[in-house]
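Derivation of every value follows stated rules applied to the coordinates shown; laboratory data play no part. This structure is a prediction, so every number in the text was calculated from the model and none was measured. No Cβ is skipped: glycine too gets one built from the backbone with ideal geometry, and neighbour counts run over all protein chains shown.
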Amino acid sequence: MIIEDKYYVVDHKQKFDLISLSPSSKFILYLLKQRGPLKQQEIVEKTLLPKRTIAYALKKLQEKNFIEKSKDLIDKRVSIFKIIV
């Protein structure tokens with residue numbers, strides 16, 4: 001089920017950053033776009049990618065300001081990732 005395939009980038013630099021992402025980063029970005037905010041463990045379960053790959057991809061996506069990280073209200077040790085583009 002595809003909800004919307006559009007990403008709202010503000011300038012050419014951000015568009016270049018989006019295009020130059022690794023395939024795993026793009027896959028995680030797409031997953032967050034389709035499924036909404038997810039915990040890292042949920043991303044591992046849905047993508048079947050190694051935990052280390054996902055951690056690196058999430059770090060890169062945060063650095064490029066494509067996603068944001070927040071804490072779970074119930075368990076403060078757990079981070080939730082949400083798309084912002």
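Yes/no matrix, rows are residues, columns are (1) part of a helix (DSSP H, G or I); (2) of a type outside the set (V, I, T); (3) surrounded by fewer than 17 Cβ atoms within 10 Å (Cβ to Cβ); (4) free of Cβ contacts under 8 Å to residues at least 24 places away in the same chain:
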residue: L21; (1), (2), (3), (4): no, yes, no, no
residue: K26; (1), (2), (3), (4): yes, yes, yes, yes
residue: Y30; (1), (2), (3), (4): yes, yes, yes, yes
residue: Q34; (1), (2), (3), (4): yes, yes, yes, no
residue: V44; (1), (2), (3), (4): yes, no, yes, yes
residue: R52; (1), (2), (3), (4): yes, yes, yes, yes
residue: A55; (1), (2), (3), (4): yes, yes, yes, yes
residue: K59; (1), (2), (3), (4): yes, yes, yes, yes
residue: Q62; (1), (2), (3), (4): yes, yes, yes, yes
- Tell me, please, whether a residue that is of a type outside the set (S, T, N, Q) and assigned to a helix (DSSP H, G or I) can be found in the stretch 2-10. no
- Message: For the stretch 29-85: of the residues being within 11 Å of the chain's Cα centre (by Cα) and basic (K, R), which is nearest to K15 (Cα to Cα)?
- Response: K64
